[in-house]
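The values are calculated or read from the model by the stated rules, or taken from the named source; none is laboratory data. None of these values were measured; they are calculated from a predicted model. Positions of Cβ are backbone-derived with ideal geometry, glycine not excepted, and every protein chain shown enters the neighbour counts.
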Amino acid sequence: MSPGRIRLARRLAAKDLLIERRSRVLVNQVLPFSGLVMVVFAFALGTGGVLERAAPGLVWLAVLFSSLSTVQRSFGLETADGAMESLRVAGVDPIALFLGKAAALAIELLVLVTVLLGLAVVLYGTEPRAEGIVLLVTTAISATLGLAALGTIYGGLAAGGSGRETLLPLLVLPVAAPVLIGATRGVEAALGTDRTAVSEGWPWVGLLLVFAVAIGVGGALAFGTLIED
Amino acid sequence: MTPSPQTSIRRATGTRATRVLGIVTLVMLGWLGLFGLVLSPADVDQGDAVRIMYVHVPTVWLAYLAFIVTAVCSALYLFGKRHSLGFDRVAGASAEIGVVFMALTLISGSLWGRITWGVYWQWDARLTTTALLFVTYIGYLAVRGLDGTRERRARRSAVIGLLAAPVASLAHHRPR
């Protein structure tokens, strides 16, 4: 990959993160929403052992739901005043655009995952164990990369008004199923839920990485076609 | 009463080949019904529930075949030199057939499961991935319904059709 493309992607990611830092939508809206989802899960499932056992899956469900708002926000910025159109007309490389948007989204989602894992410790009584920390961090990063790439592909398609916003969950959720399953099993192994060994989590990290690379490469190549109107 | 202009210009889309194919299909359906419901005996283990399998298995194979056709035609449209819209139309029509037959697979499978397992649904890998595949192609059809010129719609749909296929297969071949 050319240095120019990487530099452009970095600038586009920095632009998205700067807008987020100034508008604070992630902090003021998405994080409270995801925290609320975690609390509502507790209402639905009741207290006791169920919550602790289901905690890894609930964390990733909350991440998945909140990622939809984050993706919509990320592309809402571009379509509100025709910024995406301007970038396209200015001849900005679609691959750099995809990589930049996905990188910014990945950083935002990683913050979200970290906060929600912390909330699971407080609300659901999950106990991280020292030997599972590397697996926990690797699972979180690889799953987040996959979700960010996926969100960027379909966010680009679903942006642009005329009822397209409702398409995003329908497109993202079925394809995100491998991430949800892999990330849940990875975190279960890292935390030792149901006495799972740490070694059982690594095949799932492999799946998450394959998914992230496949979706990342496919998305980078397809992004230009998806945002052309 | 004279026929309205719309009626008079309406033309049948069938050809001799499609009519022959239709008649052969109807005859074979009758033959299948006779064999499946009357002539074949009940299964030793499953009893009469096995007759659901005579519909369930062909519908799932047909659905998978239809999704493969969608993926192949999407690739042929995107990477072909002429970007023929014919491939796009075949991809779309095939996805519609796939979604209908996948729905029939899920319905017939859950009826068979209720009789055999005592429940309509079990959360095993095959059932879950089949349901996900079904929803994925409903999403594909929704993308086909988006606005834009025919060429743009075709390019967009071809990309989504191609992205759906490996992801579904990745979900199907997951570890454990």
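Please give the number of the condition A:ALA190 fails out of (1) surrounded by fewer than 17 Cβ atoms within 10 Å (Cβ to Cβ); (2) at pLDDT 90 or above.
Unmet for A:ALA190, out of (1) surrounded by fewer than 17 Cβ atoms within 10 Å (Cβ to Cβ); (2) at pLDDT 90 or above: (1).
Condition first: hydroxyl-bearing (Ser, Thr, Tyr) and under 16 Å from the mean Cα position of the chain (by Cα). Can you find one or more residues in the stretch A:195-218 that meet it?
Looking through the stretch A:195-218, none of the residues is hydroxyl-bearing (Ser, Thr, Tyr) and under 16 Å from the mean Cα position of the chain (by Cα).
Do you know which residues across the stretch A:176-213 are more than 10 Å from chain B (Cβ to nearest Cβ) and in a loop (DSSP other than H, G, I, E, B)?
A:GLY192, A:THR196, A:ALA197 - these are the residues of the stretch A:176-213 that are more than 10 Å from chain B (Cβ to nearest Cβ) and in a loop (DSSP other than H, G, I, E, B).
Of the residues that sit in the stretch B:132-151 and are among the small types (Gly, Ala, Ser) and farther than 16 Å from B:ALA71 by Cβ, which one is surrounded by the most Cβ atoms within 10 Å (Cβ to Cβ)? Don't jump to the end; show me each part of the working.
Taking the stretch B:132-151 first, the residues among the small types (Gly, Ala, Ser) are B:139, B:142, B:145, B:148.
With the extra rule that they be farther than 16 Å from B:ALA71 by Cβ, the set shrinks to B:142, B:145, B:148.
Details: B:ALA142: 16, B:GLY145: 10, B:GLY148: 14.
Of everything passing the filter in the stretch B:132-151, B:ALA142 is surrounded by the most Cβ atoms within 10 Å (Cβ to Cβ).
Which of the residues belonging to the stretch A:159-183 are more than 19 Å from A:ALA212 (Cβ to Cβ) and out of contact with any Phe, Trp or Tyr (no Cβ under 7 Å at 6 or more places or on another chain)? Steps first, please.
Taking the stretch A:159-183 as the starting set, the residues that turn out to be more than 19 Å from A:ALA212 (Cβ to Cβ) are A:159-170.
Selection gives A:GLY160, A:GLY161, A:SER162, A:GLY163, A:ARG164, A:GLU165, A:THR166, A:LEU167, A:PRO169, A:LEU170.
Specify the residue that is farthest from B:TYR77 (Cα to Cα); the eligible residues are those in the stretch B:113-136 that are of a type in the set (Phe, Trp, Tyr), within 22 Å of the chain's Cα centre (by Cα) and more than 13 Å from chain A (Cβ to nearest Cβ).
Filtering the stretch B:113-136 for residues that are of a type in the set (Phe, Trp, Tyr), within 22 Å of the chain's Cα centre (by Cα) and more than 13 Å from chain A (Cβ to nearest Cβ), the one farthest from B:TYR77 (Cα to Cα) comes out as B:TYR120.
Would you confirm whether any residue within the stretch B:115-131 is among the β-branched types (Val, Ile, Thr) and either at positive phi or crowded, with 18+ Cβ neighbours inside 10 Å (or both)?
There is at least one residue in the stretch B:115-131 that is among the β-branched types (Val, Ile, Thr) and either at positive phi or crowded, with 18+ Cβ neighbours inside 10 Å (or both).
Just checking, which of B:GLY139, B:GLY148 is within 9 Å of chain A (Cβ to nearest Cβ), under 29 Å from A:ALA222 (Cα atoms) and not in a helix (DSSP H, G or I)?
B:GLY148
Among the residues of the stretch B:51-90, which ones are more than 11 Å from the chain's Cα centre (by Cα), over 15 Å from B:ARG144 (Cβ atoms), part of a helix (DSSP H, G or I) and among the hydroxyl-bearing types (Ser, Thr, Tyr)?
Passing the criteria: only B:TYR54.
Sort out which residues of the stretch A:219-229 are part of a helix (DSSP H, G or I) and more than 16 Å from the chain's Cα centre (by Cα), and write them in order of number. Don't jump to the end; show me each part of the working.
Here is the first cut: in the stretch A:219-229, the residues part of a helix (DSSP H, G or I) are A:219-226.
Across the stretch A:219-229, the qualifying residues are A:ALA220, A:LEU221, A:ALA222, A:PHE223, A:GLY224, A:THR225, A:LEU226.
Given the options A:ARG7, A:ARG11, name the one that is closer than 26 Å to A:LYS101 by Cβ and either in contact with a Lys or Arg (Cβ under 9 Å, 6 or more places away or on another chain) or without any contact (Cβ under 8 Å) to a residue 60 or more places away in the chain (or both).
Criteria check complete, one pass: A:ARG7.
So which of A:GLY49, A:GLY35, A:GLY82 is free of Cβ contacts under 8 Å to residues at least 12 places away in the same chain, surrounded by fewer than 18 Cβ atoms within 10 Å (Cβ to Cβ) and more than 15 Å from A:GLY156 (Cβ to Cβ)?
On the way: A:GLY35 fails: free of Cβ contacts under 8 Å to residues at least 12 places away in the same chain; A:GLY82 fails: more than 15 Å from A:GLY156 (Cβ to Cβ).
Step by step, each of A:GLY49, A:GLY35, A:GLY82 is checked, and only A:GLY49 is free of Cβ contacts under 8 Å to residues at least 12 places away in the same chain, surrounded by fewer than 18 Cβ atoms within 10 Å (Cβ to Cβ) and more than 15 Å from A:GLY156 (Cβ to Cβ).
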